[in-house]
1. Restricting to the stretch D:315-326, name every residue that is assigned to a helix (DSSP H, G or I), touching a residue at least 24 places away in the same chain (Cβ under 8 Å) and open to solvent by less than 40 Å² (accessible area, probe 1.4 Å).
2. Could you tell me whether any residue of the stretch C:297-314 is without any contact (Cβ under 8 Å) to a residue 24 or more places away in the chain, within 14 Å of another protein chain (Cβ to nearest Cβ), surrounded by fewer than 23 Cβ atoms within 10 Å (Cβ to Cβ) and over 18 Å from the mean Cα position of the chain (by Cα)?
3. Does the stretch B:52-63 contain at least one residue that is within 14 Å of chain C (Cβ to nearest Cβ), touching an Asp or Glu at 6+ places or on another chain (Cβ under 6 Å), within 30 Å of A:ILE186 (Cα to Cα) and part of a loop (DSSP other than H, G, I, E, B)?
4. Identify the single condition in (1) farther than 26 Å from A:VAL269 by Cβ; (2) more than 12 Å from chain D (Cβ to nearest Cβ); (3) under 25 Å from the mean Cα position of the chain (by Cα); (4) open to solvent by 10 Å² or more (accessible area, probe 1.4 Å) that A:LYS94 does not satisfy, given that it satisfies every other one.
5. Any idea which residue in the stretch D:207-221 is surrounded by the fewest Cβ atoms within 10 Å (Cβ to Cβ), counting only those that are modelled with pLDDT of 70 or more and in contact with an Asp or Glu (Cβ under 8 Å, 6 or more places away or on another chain)?
6. Here are some residues: B:ASP228, B:ASP248, B:ASP284. Which one is crowded, with 20+ Cβ neighbours inside 10 Å and not small (Gly, Ala, Ser)?
7. Determine which member of the set B:THR69, B:THR81 is in the same structural domain as B:ALA112 (by TED's automatic domain parsing) and closer than 27 Å to D:SER66 by Cβ.
Protein chains: 4
Amino acid sequence: MTSIKSVAVLTSGGDAPGMNAAIRAVVRACIYYNLKVFGIKRGYQGLIDDDMEELQSNSVSNIIQSGGTFLKSARSMDFRTEEGRKNAITNLKKRGIDALVVIGGDGTFTGARIFGEEHHFPIVGIPGTIDNDLYGTDYTIGYDTALNTVVEAVDKIRDTATAHSRLFFIEVMGRDAGFLALRSGIASGAEAILVPEVKTDFDQLEHFLQTGFSKKKTSSIVLVSEGDEIGGALKIAEQVGKEHPEYDVRVTILGHLQRGGSPSAFDRVIASRMGISAVEALLDNQEDVMVGLTNNQVVLTPFSEALKNKKPLNPQLLEITKILSI
Amino acid sequence: MTSIKSVAVLTSGGDAPGMNAAIRAVVRACIYYNLKVFGIKRGYQGLIDDDMEELQSNSVSNIIQSGGTFLKSARSMDFRTEEGRKNAITNLKKRGIDALVVIGGDGTFTGARIFGEEHHFPIVGIPGTIDNDLYGTDYTIGYDTALNTVVEAVDKIRDTATAHSRLFFIEVMGRDAGFLALRSGIASGAEAILVPEVKTDFDQLEHFLQTGFSKKKTSSIVLVSEGDEIGGALKIAEQVGKEHPEYDVRVTILGHLQRGGSPSAFDRVIASRMGISAVEALLDNQEDVMVGLTNNQVVLTPFSEALKNKKPLNPQLLEITKILSI
Amino acid sequence: MTSIKSVAVLTSGGDAPGMNAAIRAVVRACIYYNLKVFGIKRGYQGLIDDDMEELQSNSVSNIIQSGGTFLKSARSMDFRTEEGRKNAITNLKKRGIDALVVIGGDGTFTGARIFGEEHHFPIVGIPGTIDNDLYGTDYTIGYDTALNTVVEAVDKIRDTATAHSRLFFIEVMGRDAGFLALRSGIASGAEAILVPEVKTDFDQLEHFLQTGFSKKKTSSIVLVSEGDEIGGALKIAEQVGKEHPEYDVRVTILGHLQRGGSPSAFDRVIASRMGISAVEALLDNQEDVMVGLTNNQVVLTPFSEALKNKKPLNPQLLEITKILSI
Amino acid sequence: MTSIKSVAVLTSGGDAPGMNAAIRAVVRACIYYNLKVFGIKRGYQGLIDDDMEELQSNSVSNIIQSGGTFLKSARSMDFRTEEGRKNAITNLKKRGIDALVVIGGDGTFTGARIFGEEHHFPIVGIPGTIDNDLYGTDYTIGYDTALNTVVEAVDKIRDTATAHSRLFFIEVMGRDAGFLALRSGIASGAEAILVPEVKTDFDQLEHFLQTGFSKKKTSSIVLVSEGDEIGGALKIAEQVGKEHPEYDVRVTILGHLQRGGSPSAFDRVIASRMGISAVEALLDNQEDVMVGLTNNQVVLTPFSEALKNKKPLNPQLLEITKILSI
């Protein structure tokens, strides 16, 4: 049996589509299980500033379809200090809050882990980031929406690339991980995909440019992770442009539009499942764990493990690009 | 070692977004593995009519983003006759085709199974249907796109429902299976979901209408599978309208727009994986099997097994609706 | 010089995308010109029930992109009675409100005209309806968005129609006017368009079905206004199906999804212009007039004139369908 | 009476959504009026290379919804030489082509004008560019689609901006003209809009940043035309970031995705009208003119006049931004 009576929820770090759906699920699960629930504004900073209020079922009506996070997000310097975290625990105790649900990425969970250990406070995390770079879950909230956003953008750019027989380098988000570039590259029919996990085989790109592109004399799209070791789309395009003055090379950096937008059906469903599971985990006396979906089942992974391990790219997906771009 | 040198591909039954992505993957995998590949028009009927042509890599350029199927689909009465199937095998042999990839649903696989047994011809199936009602795979091609189409439509209808405080019954496709209604219902925040797999608890709907709707005095959305045993959205709405003249009840039947549209990133990726795996299965001397994705891994299921078993709805998803619509 | 110090705004009748953008413009124009501004909930009924509150600039932040109307809409029976309208004027006077901006269609303006005359109260109307059937303006708010919604839906249905060589009858909104059917028909490449303004030349449809469709052996789309005199898509499809059993005939009724969705750029711009112009008209002592855009210029039309005249379909557009579907 | 029997059509310069709809209308109008019609590939270069073929009605089936141009586009250096143009006229005469329809922007019309004068060859132009910077028409083909693309992108970025209380500078296309920035800025609720036509009132931006942004403590979006005299979004953001270290400043350059995508209903309709009108103008012995839509009527403007004059921004639209961003 649990003694938890009151839960608070916050979003922290970069926002991701589906965070609102997750908050909604947390709130409604709390109400379903007769718990009080508070919404904290602006992540850990709002916790320190005591910027929170109790939420009802209809506080989260009509938000499942909205991008961003209505609780807002922020990066908090104060929460990195012992004093900041002391203020945080004081505010939680003052309001009788017994447990915390935090939605975000590895920065968010690092903060949660320190805070949870320091003050013996039960925390469950929900993975929300478009980068999908969290160990312990097949999918993070926001990843599927971002994939669709990138693919729609590349579809549009391909119209232009085809009309003009151009070679486009398109940069997508992903500082340390190529998940977004890899899947959106496959889905948009990219001729090559450059990700940080694979040391760019420049000879291979060169081979493609010499055979594939010149043979087909039509458009080509190369997707580049911002974290690729060569240094992003601009650098690569510059180099290719120098060596191949015969190509009409262009660059587009998709930027922040990848973070926004109404969440996809997939993201809304996994956010709803994770939100409920997070509350049920707290009721089951779990703490310092992240909720995840592995093989379509809810699993719990300790923060320490989630933070220590690096999720690998699916090697099968890396493989098939070669076949598909033949 | 395989002796397969030449493969043909067709789409059959109801079309689904992502079929073109699957065809593209089949074609390019064949070329990658040095096989000839033919595209058959209008499903089994085109096979009987010898309506096919050899495809090259650029025959499938720029189709990954298109809905429908550029090979067209049809239901063939002739293929249900022994004579029709005799003509089919004659055409295949005449052109030196050794194996077949068929993309479609259970009707397609039933035909494939009969034909394969009758003429000892290797066939691999790829599941393509928006209904997701095939055993042996977690997801069928087209399901994710249809989910997004339904969710976008419900989002629009909710604008109107909210502006007027109305009660909407929205009917989605799914004659025998509620997969589409269930996930799109969760993702669109529906207040209730009626699926064929669950005998409609009319009392429960009644309870919601008496408490939930009247309490909130705002919009409500009920998603109804066309196959629900009460008889579709129109029938249910009529009954509710009679018993609750105080509600402003409306009905929308989404219809065929659910089948079309540019495929989602998710559907393009699974279609690409399945298309390649189908060719690799043939090279591995597999036959009379359906390619599927279970727990994100490619699996092969004999047609007989895929056709005999009914895929159940995820009981967890059925459960969470109660919590989310509180 | 005007003596107006305080304005109220409401939306009434069927909702239309862009109504929120119009409300936002009214509110900000009032603040810009140092007027108080009130938002009335649920149209005329909220006026009678005194359901209103003062709005600030940030009351309308982040709503320009939302479909529906955050002030909600309703049809009010009470406002059709003298007593109801007496309560309405009492509430307005009590709060010191000098003028009214009403956003809606002809029903809305009929109410405004009666009320304005009865109580000598200054009212300016803004045309908001997806039907575009208002005299005195080239475009009503919501029409362009609805056009895009219909066209996207027809694009999806065409995927399926093409894959199966089907003949689709698609019904769009427009009880008395064919504006939506006509423009969306041209934009979606429909083979025929049936509108209430033109007595359906059944022979012409017949001619097309006998020559065009059978010749091309591919998909065909016929767009039907719900107000067409033959009786909607279902009736026409039934008749055609009987006379042409050789065709695979299907019907889709698009329904309420046409009313919702995020407004298009066009609708947001005209809604913003009209909202500001409505307030400026009041400051200019105009009353009982509707703001409109004719030839891209703001014009004012007395309610009486706007209600008396019927806006004709553009005869050039009717003409070009014949050429385009050749 | 005209003696024209055979027409060729090409697209040139930057591609724009709706060009395919215009080509389709040209082709079908030719067939309707019993003219032969040829499609020239890759603009003027294809004319010089004799890269063209006769088109039928079904050559342009199912392209009305596609972005880009299936005839492809290119910039031709050869066409700037007398010799190149001599080859062009030779090819036209060889095939018995009497007249030309060219779809593009001012570069396209400059070429057309020189060629038409030099060889006394009848040419009619259709304005196709997302920039809307052509005199003689209220709207160019592609402008409305690009507006919607920009607005959807800004809506997504606003999700993130709001979640983090950031100040975003978003750069849109428009080297010499601010049409795209102005209307998309109004439609996306931008707090400020910087266009090349207006010398940037930096003090005014500064005033907004000091009062508006700090007052509201929420997101702000500034739309910047790439042609703005300060030097694009990156330069402005750098300067603002230096002077206001208290703001979290970000930049997104939307880039080439603005050119692509399925055309909006509006663009498909005007492209269809203009395509037909261009053929009818040729039949009416018009030449060296551009087809345009002014006040919703088809008008013809001589190339010389269209090229000499600069279309001004609508001063009313410039004015209302101040009111809307209050």
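1. D:LEU317, D:ILE320, D:THR321, D:LEU324
2. yes
3. no
4. Status for A:LYS94: all satisfied but (3).
5. D:PHE208
6. B:ASP228
7. Answer to the selection: B:THR69.
Let's see how each residue does on (1) under 25 Å from C:ILE63 (Cβ atoms); (2) assigned to a strand (DSSP E or B):
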site	(1), (2)
D:TYR135	no, no
D:LEU147	yes, no
D:GLU152	yes, no
D:ASP159	yes, no
D:THR162	yes, no
D:PHE168	yes, yes
D:LEU180	yes, no
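The values are calculated or read from the model by the stated rules, or taken from the named source; none is laboratory data. Note that the structure is predicted; figures quoted are calculated from it, not measured. Cβ sites come from the backbone with ideal geometry, for glycine too, and all protein chains shown count toward neighbours. For accessibility, only protein heavy atoms count, side chains too; no ligands or nucleic acids. Shrake-Rupley method; radii C 1.70, N 1.55, O 1.52, S 1.80 Å.
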